[in-house]
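**Student:** Submitted below is the structure of interest, expressed as structure tokens.
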Amino acid sequence: MIHINRVKKIYPSKNGEVRAVDNVDLEINQGEIFGVIGYSGAGKSTLIRMLNGLEIPTEGSVTVAGHEVSKIKGSRLRQARQEISMIFQHFNLLWSRTVKENISFPLEIAGVKKANRDKKADELIKLVGLEGRENAYPSQLSGGQKQRVGIARALASDPKVLLCDEATSALDPQTTDAILDLLVDINKRLGLTIVLITHEMHVIRKICHRVAVMENGKVVESGPVINVFKHPQEEITKRFVQQVIEPEETKDTIEHLLAQYKSGSIVMLGFVGENAEQPIITKLIRSFDITVNIIQGKISPTQNGSYGTLYIHLDGAEKEQALQFLQSQEISVEVIKK
Amino acid sequence: MTHLFPNVDWEKMWLATQETLYMTGISIVATFILGLLLGVILFLTAKGNMWSNPAINKIISAVVNIFRSIPFIILIVLLIPLTMILVGSMIGVNAALPALIIGAAPFYARLVEIGLREVDKGVIEAAKSMGAKPATIIFKVLLPESMPALVSGITVTTIALVGSTAMAGVIGAGGLGNLAYLEGFQRSQSDVTLVATIIILIIVFIIQFIGDYITAKLDKR
């Protein structure tokens with residue numbers, strides 16, 4: 001669906017050139033939710049803006065839904081943009097228009113007749129759950145509702161691709177989750193390809209199928225979300241994964257407990273995919289003469305399986321056998337304290 | 001009434017009021033169109049905008065600044081040749097129009113430019129990302145989104161124009177200014193000057209009231 005081929009974006013500046021995007025190659029498939037994560041200044045914003053021609057690459061080519069957006073201009077580019085919608089961090093709604101008029105705007109641009117515009121807008125208002133608010137102005141809406149209008153507006157022209165430019169970064173956690181659920185729903189229902197950029201691993205974990213990690217204009221790591229969670233290669237990726245897997249307080253808790261437990265072992269178990277849902281602990285207690293204390297655990301569902309960590313304390317006569325059993329399972333086992 | 005204002009000829013006063021309203025009305029319509037046009041071009045040709053063009057921007061900006069800084073009374077004199085060509089006379093209400101419009105339009109153009117600069121850049125980008133044509137962006141985004149500023153700008157300009165019509169009256173254009181000057185000042189009939197001034201004040205208050213009302217009504221932010 002989207003081919004990004006050896007793309008570079010170089011800005012001239014006083015202190016030499018700035019490579020905002022440096023030799024990026026990406027393939028994004030039809031119907032996929034693809035996430036690009038990076039800290040601010042990593043170049044992800046420039047990258048996503050090249051997908052609808054708001055930025056033109058200095059080198060390389062970008063093809064989206066069969067349009068070579070890095071090359072076409074004028075009316076052909078405008079036509080292509082009707083198939084590549086975008087939603088924004090700050091929503092970018094027209095304050096002078098009501099919810100319904102905002103959603104109708106892309107249809108006015110496409111030259112759709114008034115009656116059809118109204119029909120389509122009503123459908124979309126229902127789809128994003130804004131019934132009863134169609135005649136409200138953006139200033140009368142909450143942040144989450146504004147983004148719902150943004151999404152409805154983006155869907156009005158029946159696009160093939162939806163670009164999300166930090167679409168949840170201005171929202172509170174609860175609203176973020178509601179908007180992300182809506183995006184997944186749209187992706188499944190309409191088969192829409194979604195590309196999103198974010199600095200929150202939570203967003204990637206929750207809705208993306210594949211992810212690319214960007215640093216200094218380069219894609220340093222990419223692949224299915226579950227794999228990246230399982231084996232993060234780069235330092236930056238590990239930091240992002242830690243954002244969702246290992247809360248800050250875990251380290252403190254563990255250190256505290258290490259002092260508290262005089263005997264037995266403390267083990268960290270890592271679950272990935274299917275294993276995360278198997279009753280390994282139950283098997284463990286039933287098969288061996290041991291006591292198991294669960295210290296801390298967290299399971300994070302992703303779009304292609306779950307990922308979780310569990311800290312347990314093992315003690316008893318068959319401790320060694322129990323450890324061997326754990327190591328024979330398809331989970332990662334790390335003994336923190338013998 | 002005749003006791004309070006012995007020298008006021010109410011029929012003449014009414015006629016002068018109509019002349020003032022006529023001059024203000026015609027020139028404000030022309031100022032609105034011309035100012036809007038210049039303001040939009042000034043905005044769009046500025047650096048980083050849709051039709052970014054430093055040369056055109058500088059030329060229009062210079063012309064606007066020149067006409068904005070010439071005192072109105074001098075502008076009328078300078079424009080005598082043009083007025084003679086356009087209107088064919090230097091006396092009467094129509095003779096004031098070219099100077100009124102050329103004096104007010106650059107002023108309004110700057111207000112339009114400021115109003116357009118206040119439009120959220122993100123909204124313009126959103127329209128672009130939807131595949132909007134430049135004309136669509138101008139008429140469906142830039143102008144509606146800056147409408148309160150455009151209306152309050154035209155209110156300020158109209159009030160300035162009422163003042164200018166009075167000045168134009170002094171050199172023979174008619175209207176309340178002309179009456180106040182000829183009948184009031186030169187014949188030492190201060191009651192005529194007073195009544196003419198009060199009428200001008202009332203006109204200004206009404207314009208301000210209407211302008212504020214429409215601005216508030218339009219602003220949904």
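Just so it is clear, none of the values below were taken in a lab; they were calculated from the coordinates. Remember, it's a predicted structure, so these values are computed and weren't measured experimentally. In this analysis, Cβ positions are derived from the backbone assuming ideal geometry, glycine residues included, and neighbour counts consider all displayed protein chains.
**Student:** Suppose the chain between A:K337 and A:E255 were pulled fully straight at 0.36 nm per residue; how much longer would it get relative to their current alpha carbon spacing? Write down the numbers at each step before the final one.
**Tutor:** Numbers: separation 82, 0.36 × 82 = 29.52 nm, distance 1.05 nm.
Extra length available between A:K337 and A:E255 comes to 28.5 nm.
**Student:** Working from Cα positions, state the angle (0 to 90°, nearest 10) between the long axis of helix B:54-69 and the longest principal axis of chain B.
**Tutor:** Once rounded, one gets 20 degrees.
**Student:** What is the helix-to-structure angle for B:147-168, meaning the angle in degrees between its Cα long axis and the longest Cα principal axis of chain B, kept from 0 to 90 and rounded to the nearest 10?
**Tutor:** 30
**Student:** Hey, another quick one. Stokes-Einstein diffusion coefficient for the stretch A:203-338 at 20 °C in a medium of 1.002 mPa s, Rh from the Kirkwood formula over Cα pairs: what value in µm²/s? Present the calculation step by step, with values, prior to reporting the outcome.
**Tutor:** On the way: Rh = 16.1 Å.
Rounded to a whole number, D works out at 133 µm²/s.
**Student:** On to the next question. How far apart, in nanometres, would the label points at B:L37 and A:T58 be if each is projected 7 angstrom from Cα along the Cα-to-Cβ direction?
**Tutor:** 4.2
**Student:** Further, regarding this structure: What average count of beta carbons from other chains do you get within 10 Å of the Cβ of residues in A:93-102? Don't skip to the end; give the middle numbers.
**Tutor:** Working: counts 4, 10, 8, 13, 5, 1, 0, 0, 1, 1.
Mean number of neighbouring Cβ atoms from other chains: 4.
**Student:** Then there is this: With the cut-off at 1.5 for a/c, could you classify the stretch B:12-144 from its C-alpha gyration tensor as rounded, prolate or oblate?
**Tutor:** On the way: a/c = 3.17, a/b = 2.02, b/c = 1.57.
Here the stretch B:12-144 falls in the prolate category.
**Student:** Continuing with this model, one more query. Which residue, chosen from B:M147, B:V77, B:V87, occupies the Cα position most advanced towards the positive end of the dipole of the protein assembly as shown, where the dipole is computed from +1 (Lys, Arg) and -1 (Asp, Glu) charges on Cβ about the Cα centre?
**Tutor:** Highest projection toward the positive end goes to B:V87.
**Student:** Could you give the size of the charge dipole of the stretch A:18-155 about its Cα centre, using +1 on the Cβ of each K and R and -1 on the Cβ of each D and E, expressed in debye and rounded to the nearest 20? Could you put the intermediate results ahead of the total?
**Tutor:** Values: 20 positive and 15 negative charges, 119 e Å.
Charge dipole, the stretch A:18-155, about its Cα centre: 580 debye, nearest 20.
**Student:** How much of the DSSP beta bridge set in the protein assembly as shown is antiparallel, as a percent to the nearest 5? All intermediate terms of the calculation are to be shown ahead of the outcome.
**Tutor:** Values: 45 of 64 bridges.
Taking every DSSP beta bridge with both residues in the protein assembly as shown, the antiparallel ones total about 70 percent.
**Student:** What spacing in nm lies between the two simple spin-label points modelled at A:E320 and B:N7, each 7 Å away from Cα in the Cβ direction?
**Tutor:** Between A:E320 and B:N7, the label points sit 12.4 nm apart.
**Student:** Which percentage, to the nearest 5, of the DSSP beta bridges contained in the stretch A:2-241 is antiparallel?
**Tutor:** Numbers: 21 of 40 bridges.
Bridges in the stretch A:2-241 that DSSP calls antiparallel: roughly 50 percent.
**Student:** OK, next. Using Cα springs under 10 Å in a Gaussian network model of chain A, which residue among A:P279, A:P301, A:P159 shows the largest mean-square fluctuation?
**Tutor:** A:P279
**Student:** With respect to the cross-link table entries A:K218/A:K337; A:K8/A:K100; A:K73/A:K218; A:K188/A:K298, which display a Cα-Cα separation exceeding 30 Å? Display every interim value, and only then the final one.
**Tutor:** Details: A:K218/A:K337 39 Å; A:K8/A:K100 39 Å; A:K73/A:K218 27 Å; A:K188/A:K298 27 Å.
Going by Cα-Cα distance, A:K218/A:K337; A:K8/A:K100 fall outside the 30 Å limit.
**Student:** Return one number: the angle in degrees, 0 to 90 and rounded to the nearest 10, between the long axis of the Cα atoms of helix B:10-45 and the longest principal axis of the Cα atoms of chain B.
**Tutor:** Taking the Cα atoms of chain B, the angle to B:10-45 is about 20 degrees.
**Student:** A further question follows. Out of A:A136, A:T302, A:V228, whose Cα points farthest toward the positive end of the dipole of chain A (charges: +1 Lys, Arg; -1 Asp, Glu; placed on Cβ)?
**Tutor:** A:A136
**Student:** Rounded, prolate or oblate, given the Cα gyration tensor of the stretch A:109-197, with a/c below 1.5 counting as rounded?
**Tutor:** Working: a/c = 1.86, a/b = 1.21, b/c = 1.54.
Oblate shape, in that a/c is at least 1.5 and b/c is the bigger or equal ratio.
**Student:** As I understand it, the dipole of the stretch A:246-337 uses +1 on the Cβ of Lys and Arg and -1 on the Cβ of Asp and Glu, about the Cα centre. Which of A:N293, A:I254, A:L269 lies farthest toward its positive end?
**Tutor:** A:N293
**Student:** Okay, next question. With springs only between Cα atoms under 10 Å apart, run a GNM on chain B and tell me which of B:G175, B:G39, B:G211 wobbles the most.
**Tutor:** Per the Cα network of chain B with a 10 Å cutoff, B:G211 tops the list.
**Student:** Using only Cα atoms, locate the centre of the stretch A:132-169 and the centre of the stretch A:292-312, then give the distance between them in Å, rounded to an integer.
**Tutor:** Result: 34 Å between the Cα centres.
**Student:** Using the crude model of +1 on Lys and Arg Cβ and -1 on Asp and Glu Cβ, and no other charge, please compute the dipole size for the protein assembly as shown relative to its Cα centre, in debye to 20. Intermediate results must be reported in sequence, preceding the final value.
**Tutor:** Numbers: 56 positive and 53 negative charges, 252 e Å.
Roughly 1220 debye, rounded to the nearest 20.
**Student:** While we're looking at this one, here's another question. Enumerate the amide H contacts of A:N304 below 5 Å, restricted to partners 5 or more residues apart or on another chain; note that Pro and chain-start residues carry no placed amide H.
**Tutor:** A:I226
**Student:** Size of the dipole of chain B about the Cα centre, Lys and Arg at +1 and Asp and Glu at -1 on the beta carbon, nothing else charged, in debye to 20? Don't skip to the answer; put the middle values down first.
**Tutor:** Working: 14 positive and 12 negative charges, 179 e Å.
Computed about the Cα centre, the dipole is about 860 debye.
**Student:** Could you please state, rounded to a whole Å, how far the C-alpha centre of the stretch B:15-64 is from the C-alpha centre of the stretch B:90-135?
**Tutor:** Cα centroid of the stretch B:15-64 versus Cα centroid of the stretch B:90-135: 5 Å apart.
**Student:** Can you work out the PRE-style zone for A:I10? Point 7 Å along Cα to Cβ, and I want the residues of the stretch A:46-72 with backbone N under 17 Å.
**Tutor:** Answer for this model: A:56-61.
**Student:** Specify whether the C-alpha gyration tensor of the protein assembly as shown places it in the rounded, prolate or oblate class, a ≥ b ≥ c being the square roots of the eigenvalues: rounded for a/c under 1.5, otherwise prolate if a/b is larger than b/c and oblate if not. Intermediate values should be presented prior to the final figure.
**Tutor:** Working: a/c = 3.39, a/b = 2.79, b/c = 1.21.
Because a/c hits 1.5 or more and a/b exceeds b/c, the protein assembly as shown counts as prolate.
**Student:** Right, next: Take chain A, connect every pair of alpha-carbon atoms lying under 10 Å apart with a spring to form a Gaussian network, then pick out the residue of A:R148, A:R133, A:R81 with the largest mean-square fluctuation.
**Tutor:** A:R133
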